[in-house]
Amino acid sequence: MCTTCGCGSGQTLIGGHALKQRKLSGEQVQYRVQNKTAEPTHNHAHAPGLTQARMVKIERDILSKNDGYASENRRYLAEHGIFALNLVSSPGSGKTTLLVKSIIALNGSLPLAVIEGDQQTDNDAARIRATGAPALQINTGKGCHLDAHMVGQAMQQLGLTDNSLLLIENVGNLVCPASFDLGEAHKVAILSVTEGEDKPLKYPDMFRAADLMLLNKCDLLPYLDFDADLAVENARRVNPAIQVIRLSATSGEGMEEWLEWIRAGCKNALTER
């Protein structure tokens, strides 16, 4: 259950297999697997008569449980020198294309793996695998974000290589993923120039939680009425410390700066191991 919108996570599939059991907010949520589809049995947050105080308690419990799983993930990643990034954005920002182009540009210079999050289909994971990189799809069903337990299970299934890069493409959503730590080193917010300059002001929690903003599709700027400087200014209004890289996965503009940022993070993860 999401603390923001109350959506369910009851049809979560990891690599096509149901997530059998997870515990959040003090409740045990069981999944019955029928024809490879998981059906949840749990108390839903929209139950009639649920008080505001009870909602607050559920939210705190959910985030506390998630933070516990995130700490486990972070500890494992640190012990194995794995640099993990949580890529977040609206749908259509170009996350998957950016990942594909990044993997190709890295050209096997470092071991990496990808966790893909979507409500349905494994289309994005298939695109990643076509590059030769290992990728595992998490289908969240009715859920609108990845949580740390899902990611931890996916990490186990992937069998991550020590001293490597883990790229997590979250579900396209600028609201709910802001609240859920996955154990990553950094959240990376991707804003495309086909969106509005005021996105950081409309969704401040996400841009406040991110350490880096990638302003994507900059090759389209000559054809759009989009003020890139204003978009960066708005991002820094909500998060003065946020780093910004302007790039285009299509033209290659800014890609080397992005790849150097990744390489530096991987080097730091190795030295801190």
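Every number here is computed from the coordinates shown, using simple stated rules; none is lab data. These numbers were taken from a predicted model, which means no experiment stands behind them. Positions of Cβ are backbone-derived with ideal geometry, glycine not excepted, and every protein chain shown enters the neighbour counts.
Between Ser109 and Val244, the modelled label-to-label distance comes to 2.6 nm, taking each label 7 Å out from Cα in the direction of the beta carbon. From least to most packed, judged by other beta carbons within 10 angstrom and beginning with the fewest, His145, His80 follow the order His80, His145.
The residue among Gly132, Leu160, Met150 whose Cα reaches farthest toward the positive pole of the charge dipole of region 122-181, with charges on the beta-carbon of Lys, Arg, Asp and Glu, is Gly132.
Applying the criteria of a DSSP loop state and at most 11 other Cβ atoms within 10 Å to the GluC sites (Glu not before Pro) of region 173-273 yields Glu272. When the charge dipole of region 68-271 is built from unit charges on Cβ atoms (+1 for Lys and Arg, -1 for Asp and Glu) and taken about the Cα centre, the candidate among Cys176, Tyr76, Gln243 whose Cα reaches farthest toward its positive end is Tyr76.
Only the Cβ atoms of Lys and Arg (+1) and of Asp and Glu (-1) were treated as charged; on that basis the dipole of region 68-271 about its Cα centre amounts to roughly 260 debye.
Each residue, Glu72 and Ala228, gets one label point 7 Å from its Cα in the Cβ direction; the gap between the two is 4.3 nm.
The aspartates and glutamates whose alpha-carbon is closer than 17 Å to the alpha-carbon of Lys217, local same-chain residues fewer than 8 away aside, are Glu195, Glu197, Asp198, Asp225, Asp227, Asp229, Glu253, Glu256, Glu257. Sorted fewest first by neighbouring Cβ atoms within 10 angstrom, Lys267, Lys95 come out as Lys267, Lys95.
For region 79-139, a crude dipole built from +1 on the beta carbon of Lys and Arg and -1 on the beta carbon of Asp and Glu, taken about the Cα centre, is about 220 debye to the nearest 20. A full extension of the chain between Thr121 and Lys267 corresponds to an added length of 49.2 nm, given 0.36 nm per residue minus the alpha carbon distance.
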